[in-house]
Amino acid sequence: MLILSRKTNECVVIDGRITVKIVRVDGEVVKIGIEAPADVPVHRLEIYEEIQRNNREALTNNRSTVPKLPLKPLVAAVPAVPAA
Amino acid sequence: MIAAESPTLATMEVGRENIVHLPLGLLGFESIKDYVLLTEPGQEPFRWLQVLNDPSLAFLVVPPFDVMPEYSPLISPEDTRILGLVRPSDALLYNIVTLRGSRATVNLKGPIVVNRYTLRGKQVVISNAAGYSLHHPLPAAEEA
């Protein structure tokens, strides 16, 4: 792990295209600003842990119930043709 | 009953059983890499991602567009490269459903993305995960 020290408003640039800025330091809380292309995923570490937890909860050996999704109509209703 | 068929586009669309290989497993289940994707009659569009070596264990999954037609997950360039996806239509998505009694939710932040030709997949964290729920509610469960 690369360890750097930065002051408020200073930045780190990753891969020449991702910029991390120290926006504010408030006691124990550091506000970080990240500029990256939209297709670069940037997530708090917790999201991986949350998904792990969700996966663990989802694993099952009981297959008796599944949700029921509302049926989508396959064909638009044909309006009744009035008698001539 | 149906033997694993060689992976082709037709197989993934009409086959009722397919073996899927996840080289990285699922988050929290990294050592389990081989699954059978199967459908129980009457449970469409839901499918079971069943552990190949322990058929008693499975995840309930659903193609997300059946739940949310406007779902627009952004798959990162790195995940696209890892999966060998060339066109968006190369990807099949299955999102994990959690059953809690009669309430069910689906994880829209971390779909399982499968290359329909290689049948290799990965659970990805979509780049726009912040805009979707980990516990998106589904209609109440019914006895199958």
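The numbers here are math on the coordinates, done by the rules we state, and not lab data. These numbers were taken from a predicted model, which means no experiment stands behind them. Every residue, glycine as well, gets a Cβ built from its backbone with ideal geometry; the counts of neighbours run over all protein chains shown.
List of remarks:
- Just checking the listed ones, B:Ser76, B:Ser133, B:Ser89: in the Gaussian network model of chain B with Cα springs under 10 Å, the one fluctuating most is B:Ser89.
- The share of alpha-carbon pairs in chain B lying farther apart than 19 Å comes to 50%.
- Value of relative contact order over chain B, rounded to a whole percent, pairs C-alpha under 8 Å and six or more apart: 21 percent
- Net charge of the neighbourhood of B:Pro137, taken over other residues with C-beta under 12 Å away and scored Lys/Arg +1, Asp/Glu -1, is +2.
- Cβ-defined net charge surrounding B:Lys33, 11 Å radius [Lys, Arg +1; Asp, Glu -1]: 0
- The smallest convex shape that holds all Cα atoms of region B:83-144, its convex hull, gives 107 Å³ per residue.
- GNM flexibility winner over chain B from B:Val86, B:Val125, B:Val97 (Cα, springs under 10 Å): B:Val86
- Each pair of Cα atoms in region B:42-115 enters the Kirkwood radius, and Stokes-Einstein at 25 °C and 0.890 mPa s then converts it into a translational diffusion coefficient of 181 µm²/s.
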